[in-house]
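Reviewing the structure listed below.
The values are calculated or read from the model by the stated rules, or taken from the named source; none is laboratory data. Please read all numbers here as calculations on a predicted model, not as lab measurements. Heads up, the Cβs are rebuilt from the backbone with ideal geometry, glycines too, and the neighbour counts pull from every protein chain shown.
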Number of protein chains: 2
Amino acid sequence: MADYSKLSINQWTIMRQWSLPEAIEGYARHGIHAIGIVREKLREIGVAEARRLLRAHQMTVTGYCIGGLLTDSDPARFRANVAETRQAIDEAAALAAQCVVFVAGGLPAGSKDLPAAQARCLEGLADILPYAREAGVTLALEPLHPMTCAFRSCLSTLGQANSWIEQLRAGPELGIVVDVYHVWWDPQLARAIERAAGRIVAFHVCDWLMNTVDLRLDRGMMGDGVIDIPRIRRLVEETGYDGYREVEIFSERNWWRRDPNEVIAIAKARYLSDVIGDS
Amino acid sequence: MADYSKLSINQWTIMRQWSLPEAIEGYARHGIHAIGIVREKLREIGVAEARRLLRAHQMTVTGYCIGGLLTDSDPARFRANVAETRQAIDEAAALAAQCVVFVAGGLPAGSKDLPAAQARCLEGLADILPYAREAGVTLALEPLHPMTCAFRSCLSTLGQANSWIEQLRAGPELGIVVDVYHVWWDPQLARAIERAAGRIVAFHVCDWLMNTVDLRLDRGMMGDGVIDIPRIRRLVEETGYDGYREVEIFSERNWWRRDPNEVIAIAKARYLSDVIGDS
């Protein structure tokens, strides 16, 4: 029988179709018992109701999206985003989420100073880490594809994420998300994953479409693109990572327009054929 | 008086508006005496006529676009692209071009094997290098932005270009193009440029627009985006590079729709304000 015990599906994959209760109930109907939760969706029902539903359906929370965006040069906005990240940590603790996905933030409006944005993000992280440690929550640095550097993430590679963790001398309160979409092109990929051994707390999958038409919202279903996902999965798992494989697809023109039950069914099939693969 | 003696403009910048004769005559009218030439445009008039026009207008050819695309797994297509690159070398020699811009090529149709594509490109390069040396022409490796990895270039970073040159034990027949658009996001940028000292044979400028809408054809005019171009120019010139600064803008929605004389006039102004800058 097919084994879906390590398959998680991030809410972004059916973002336009399902609320959090619908997603939890829908996943369970399909035999999926792990979910990546999006804050905006959680807020529609609150932490208490989410906990009740998660428990009722034996659902593990593999990640909570997102904290971060700590590059703002305006002190008030910077502090507001630090506070939001602390709140995300509290919520993640209440949900027993395996991590808070940390997105660095891009360049502030009008700025061209990338090193300064990165430095601010590191300062913000240093400020928040003791709070995460206290809460028993792992912040998981997710390097995003370099094409998002301007508007979303000045953290662009796994090598850079490793360096940040080493600079901050962080413990288990700081980890790394490896998302194949963001890192597949990297000539240093194998080396960077090896260096991340013991730090990887989440593994995300989708695919890169040859005819990508948008820098944010045009990801493909595993198998529809060019990424050798089983190869990257093996590299990640060779470091000792034995956690979930989480499907996260942003897809304005395709998957967000489909019947969510069809999306889940196809994701399950592709999980076997294009994430696990032949190995 | 403003100094444009190191300003070059690549034909791509006015690709939809001007033929090669129109570009050469147009640039000269604007006091610009350096051009990056595109093969498709050269073929409309042939090498002899191009040489005559270049000489008549005292025009330096800072680069010839392009050679490469050596990742094909089909042997016949691979050999055809090797032959095309040799022909580009011959044409570049006849034009006294400072380099042939080398674009690696993406993944062949249906393939997910990025390391194999890179290995084929290196083999092709090894095959061609003696020919370039003989011809006295420099092939200039241009790493393209990682978002082009699938369809255009499996060479994605300056670090990788440095490694390829070292692996091939190449001499001056193999160099590097630094294009700010492709490399500005790279956390290893300063180190990679330093390591490229003596190898940089061309420096390309344009800008990254915050609201980029296309992965190939939506570059911005210098100053309209987020790249700190003077900073990267200084890094490049600190290695000893004292060549041209070549404006290369692919812009389906804006600059390709404008009066080319206006494009040149604006590029000249922005060259002073946003390429040279305050330094």
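Brief remarks follow.
- Hits in the stretch B:56-81 (condition: of a type outside the set (D, E, K, R), closer than 20 Å to B:Leu122 by Cβ and surrounded by fewer than 23 Cβ atoms within 10 Å (Cβ to Cβ)): B:Ile66, B:Leu69, B:Ser73, B:Pro75, B:Ala76, B:Phe78, B:Ala80, B:Asn81
- Criterion violated by B:Ile9 - all others in (1) of a type in the set (A, V, I, L, M, F, W, C); (2) surrounded by 23 or more Cβ atoms within 10 Å (Cβ to Cβ); (3) modelled with pLDDT under 95 satisfied: (3)
- Every residue from the stretch B:32-70 that is farther than 21 Å from B:Arg152 by Cα, in contact (Cβ under 8 Å) with a residue 40 or more places away in the chain and not β-branched (Val, Ile, Thr): B:Ala34, B:Leu42, B:Ala50, B:Arg51, B:Leu54
- Positions within the stretch A:1-16 being part of a loop (DSSP other than H, G, I, E, B) and within 23 Å of A:Asp179 (Cα to Cα), in sequence order: A:Asp3, A:Tyr4, A:Ser5, A:Lys6, A:Met15, A:Arg16
- Condition met for B:Ile128 (away from chain A (no Cβ under 14 Å), over 13 Å from the mean Cα position of the chain (by Cα) and not in a loop (DSSP other than H, G, I, E, B)): yes
- Unmet requirement for A:Arg169, which otherwise passes all of (1) without any contact (Cβ under 8 Å) to a residue 24 or more places away in the chain; (2) assigned to a loop (DSSP other than H, G, I, E, B); (3) within 14 Å of another protein chain (Cβ to nearest Cβ): (3)
- Applying the set (1) more than 14 Å from the chain's Cα centre (by Cα); (2) away from chain B (no Cβ under 11 Å) to A:Met147 leaves exactly one unmet item: (2).
- Output for the stretch B:1-22, where each listed residue is among the small types (Gly, Ala, Ser) and closer than 23 Å to B:Asp274 by Cα: B:Ala2, B:Ser5, B:Ser8
- Per the listing B:Asn211, B:Asn254, the residue uniquely polar (S, T, N, Q) and within 21 Å of A:Pro108 (Cβ to Cβ) is B:Asn211.
- Pick from the stretch B:96-109, criterion under 30 Å from A:Ile229 (Cα atoms) and modelled with pLDDT of 95 or more, ranking: surrounded by the fewest Cβ atoms within 10 Å (Cβ to Cβ): B:Pro108
- Only one of the numbered conditions (1) surrounded by 24 or more Cβ atoms within 10 Å (Cβ to Cβ); (2) facing chain A (nearest Cβ under 9 Å); (3) not in a loop (DSSP other than H, G, I, E, B) is not met by B:Ser156, and that is (3).
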